[in-house]
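Presented below is the structure to which this report refers.
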Amino acid sequence: MRVIRSKVLGFCMGVRRAVAAAVAEASSETDGSGRVYTLGPLIHNPRVLADLESRGIYPAPETLTAVNLDDCSLIIRAHGIDPRFEEDLRNRVGRNSQRSFPRIVDATCPKVKASQLKAKELAEKGCMLFLAGEAKHAEVAGILGYAALHGKTVCTVVSNSAEAQAAAKKLYETGEDAKTALLAQTTFSEEEYKTIGNAIKKYFPDLEIVDTICAATHDRQEALRELLEQVDAVIIAGGKDSANTRRLFAIAQGSGKPCALVETAAEVPPSFRDFEIVGLCAGASTPDSVIEEIEKF
Ligand code: SF4
C-alpha cells in the first residue's frame, strides 16, 4: 500500500500559537502554586489535551465557580471569547503575593480577532449582520459578543442558504431600510458561504460580504480535493469535535470515495488494508505526532 499525504495538513498558525502560549504560561508557574486553565478545550484533539494535562494545563470547568481565580492563569484559546465575559474576568483580578491573579493570556487567533473587530465596527455603523457558522461554536459566540457590544442585538447566525433566506426575508419584512453585511466563521465552507450570500442578496442586493474565511481552512480543503483525485480511499485524521476536521471529512464523503475520520491509528478501519493508494489528510488541530503514527500504521 502507498500512502500519500495531503500537501497541506495538521496544525494551523492559530492553534500552534495557542498551544505555545499555554505551554509557556505553564512553564512560568515555577513555584507550582497556580494552575493553568484554558477557557474551553484549547484544541479539539484528545491526544493533545492529554499531553497538555501532563504539563499542568487543564480545560476550565464551564462555570468557573469551582476554580480558585485568586491563584491561576486563564488562557483565552484561538476561538476567542465574548468580550463582556473577558471584561468580567479582568474585573475579578486580585492580588496574590507578588502577582495579580487570575493572569489572563489572550491567545485568540489574529484572524479570529480581525473578525471580532470587524463585527464590532459594522455593528457600530448600524449594519444588520448575518454570521455564517455553527450557532453553538465558541468562535461564533465570541463574534456575536463583539457585534452586541454597543447594546443592540444585530447579528443573526445562519448555517445554510435556506436559513439565510428565511432570516433575510424576516428582516426585509420589518420594512427597515437596513444596511446589511455578512461574515463567516473562519472555518466555514467557501461554497456554502457563496450560496448564503446569494440568498441574502435576493432581499438586500447591497449586502457587504466580508471575507473572513481563513486561508488555512481553504488550503487544507483544496489540498484534499487534489489528493482525492490521486487515491483510492482517504483517511482524515483529527478530533471528531473539530469543525474544520469535520468539514474535511464532508468533502471526502462528497467525493464518493471510501473515507474514514479517525483520532488515532487504532481507529483506521481494517478494510483500508485492501486499497492500493490511501490518502492522508488532517485537520488544523491534529499534531504532527498523530499524523506520523497513522502514516506508519
Ligand atoms: S483555522 Fe485559521 S482562523 Fe482558525 S485558528 Fe487556525 S489560523 Fe486561526
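The values are calculated or read from the model by the stated rules, or taken from the named source; none is laboratory data. Model, not experiment: these values are computed from the prediction. Ideal geometry is used to build each Cβ from the backbone, glycine not excepted, and the neighbour counts take in all protein chains shown. For the accessible areas, the whole protein counts, side chains as well, though only heavy atoms, and no ligand, DNA or RNA atoms are used. Shrake-Rupley method; radii C 1.70, N 1.55, O 1.52, S 1.80 Å.
Here are some notes:
- GluC sites (Glu not before Pro) restricted to DSSP loop in segment 162-218 with at most 11 other C-beta within 10 Å: Glu176
- At a probe radius of 1.4 angstrom, the accessible area of the chain per residue rounds to 48 square angstrom.
- Highest-MSF residue in the chain out of Ile235, Ile81, Ile209 [GNM, Cα springs under 10 Å]: Ile209
- Calculated FRET efficiency for the pair Lys296/Asp232, C-beta based, R₀ 30 Å, to 0.05: 0.95
- For the residues Thr264, Thr286, a 1.4 Å probe over the protein chains yields an accessible-area ranking, largest first, of Thr264, Thr286.
- Too-long pairs where the Cα-Cα distance tops 29 Å, listed order kept, from Lys113/Lys194; Lys7/Lys296; Lys113/Lys257: Lys113/Lys257
- With eigenvalues of the C-alpha gyration tensor scaled by 5 and rooted, the chain, Å: 33, 32, 12
- Radius, Kirkwood style, for segment 213-280 when every pair of distinct Cα atoms is counted (Å): 12.2
- Considering only the chain, percent of DSSP beta bridges that pair antiparallel, nearest 5: 10
- For segment 82-231, the Kirkwood hydrodynamic radius from C-alpha pairs, put into Stokes-Einstein at 4 °C and a viscosity of 1.567 mPa s, yields a diffusion coefficient of 77 µm² per second.
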